[in-house]
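*Asks:* The structure's right below; bear with me while I get my questions together.
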Amino acid sequence: MSAPVLAAVVLAAGGGRRYGMPKALVEYEGSLLVERAVRTAGTVCDPVLVVLGARAVDVWRQADLDGATVLANKDWETGMASSLRTGLDGLRGWPGRVDAALLLLVDMPGITTDALARLAGHAAPDALAVATYDGVRAHPVLIGRDHWAGVVETATGDEGARRYLAAHEVTEVDCTGLADPTDLDVPPSGVPSAP
């Protein structure tokens, strides 16, 4: 039996209100956050879909998204759920079967190939798995294709898949020490945000 086909969906559509600019355009350690997320995802997943929204044209022009398929979420202002729907709908229409999707947030630059690979070991059409760090659930999240319709149906506002995951049995995958799940909500102190 062949290995399951695992896709990545990089959620990078937000306007970054608290940050002062879309996080996809934030430079971090020499590259844009969206480039870093796409590169990391591409080491484990194929295909890689990236969902853009706020200043999508600027991100598309400035970022090196080579190897990724770009999807535009016209409803990005309604919250993360619309980006999740855009990404999973894109996978449902993908040529060739995709068995599971790894969801990554653009504002978590500490997510590593090692953490993705550990979650990838659980990839299957019926999979539901979430990374934990010291026992606390965080990202990335693995959702098998059998669950995509249910996730799309229950995702609202900025909640994403949270409600669906709370109502189902989820495998917790310990990624403590493999990655840093900290998200960049505001610029580091002393670093002005771009206009």
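*Asks:* What are the residue pairs meeting all of these: first residue in the range 120-135, first residue more than 16 Å from THR182 (Cβ to Cβ), second residue crowded, with 16+ Cβ neighbours inside 10 Å and basic (Lys, Arg), Cβ atoms under 8 Å, and 6 or more apart or on different chains?
*Replies:* Pairs found: PRO125/ARG145.
*Asks:* Sticking with this structure for a sec: Can you say whether PRO95 is at pLDDT below 95 and either surrounded by fewer than 24 Cβ atoms within 10 Å (Cβ to Cβ) or not acidic (Asp, Glu) (or both), as far as the supplied structure shows?
*Replies:* yes
Okay, residues lined up against (1) part of a helix (DSSP H, G or I); (2) more than 16 Å from ALA13 (Cβ to Cβ); (3) touching an Asp or Glu at 6+ places or on another chain (Cβ under 8 Å); (4) hydroxyl-bearing (Ser, Thr, Tyr):
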residue: LEU71; (1), (2), (3), (4): no, no, no, no
residue: ALA81; (1), (2), (3), (4): yes, no, yes, no
residue: ARG85; (1), (2), (3), (4): yes, no, no, no
residue: LEU88; (1), (2), (3), (4): yes, no, no, no
residue: GLY96; (1), (2), (3), (4): no, yes, no, no
residue: LEU103; (1), (2), (3), (4): no, no, no, no
residue: ASP107; (1), (2), (3), (4): no, no, yes, no
residue: ALA117; (1), (2), (3), (4): yes, yes, no, no
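*Asks:* For LEU65, are the conditions met, namely being out of contact with any Lys or Arg (no Cβ under 6 Å at 6 or more places or on another chain), among the hydrophobic types (A, V, I, L, M, F, W, C) and not in a loop (DSSP other than H, G, I, E, B)?
*Replies:* Against the criterion (out of contact with any Lys or Arg (no Cβ under 6 Å at 6 or more places or on another chain), among the hydrophobic types (A, V, I, L, M, F, W, C) and not in a loop (DSSP other than H, G, I, E, B)), LEU65 does not qualify.
*Asks:* One residue is enough: does the range 172-186 have a residue meeting the conditions in a helix (DSSP H, G or I), crowded, with 18+ Cβ neighbours inside 10 Å and at pLDDT 90 or above?
*Replies:* The answer is no; no qualifying residue exists.
*Asks:* To continue, here is another question. ALA161 passes all but one of (1) over 22 Å from ALA12 (Cβ atoms); (2) buried (at least 21 other Cβ atoms within 10 Å of the Cβ); (3) among the aliphatic types (A, V, I, L, M); which number fails?
*Replies:* Exception for ALA161: condition (1).
*Asks:* Let me spell it out: the conditions are (1) touching a residue at least 60 places away in the same chain (Cβ under 8 Å); (2) not in a helix (DSSP H, G or I), and GLU77 meets all of them except one. Which number is the exception?
*Replies:* (2)
*Asks:* Report every pair of residues separated by at least 6 positions or lying on different chains whose Cβ atoms are under 8 Å apart, first residue within the range 37-48 and assigned to a strand (DSSP E or B), second surrounded by fewer than 24 Cβ atoms within 10 Å (Cβ to Cβ) and among the hydroxyl-bearing types (Ser, Thr, Tyr).
*Replies:* VAL48/THR69
*Asks:* Let me ask another. Output the number of residues of the range 1-36 satisfying the condition of being in a strand (DSSP E or B) and either of a type in the set (Asp, Glu) or in contact with a strand residue (DSSP E or B) (Cβ under 9 Å, 6 or more places away or on another chain) (or both). Steps first, please.
*Replies:* First pass over the range 1-36, keeping only residues in a strand (DSSP E or B): 6-12, 27-28, 31-32.
Of the ones still in play, those that are also either of a type in the set (Asp, Glu) or in contact with a strand residue (DSSP E or B) (Cβ under 9 Å, 6 or more places away or on another chain) (or both) are 6-12, 27.
The qualifying residues number 8.
*Asks:* Identify all residues within the range 129-146 that are of a type in the set (Val, Ile, Thr) and either touching a strand residue (DSSP E or B) at 6+ places or on another chain (Cβ under 8 Å) or outside any strand (DSSP E or B) (or both); write none if there are none.
*Replies:* Passing the criteria: VAL130, THR132, VAL141, ILE143.
The values are calculated or read from the model by the stated rules, or taken from the named source; none is laboratory data. For clarity, every value in this text was computed on a predicted model and none was experimentally measured. FYI the Cβ positions are ideal-geometry reconstructions off the backbone, even for glycines, and counts take in every protein chain you see.
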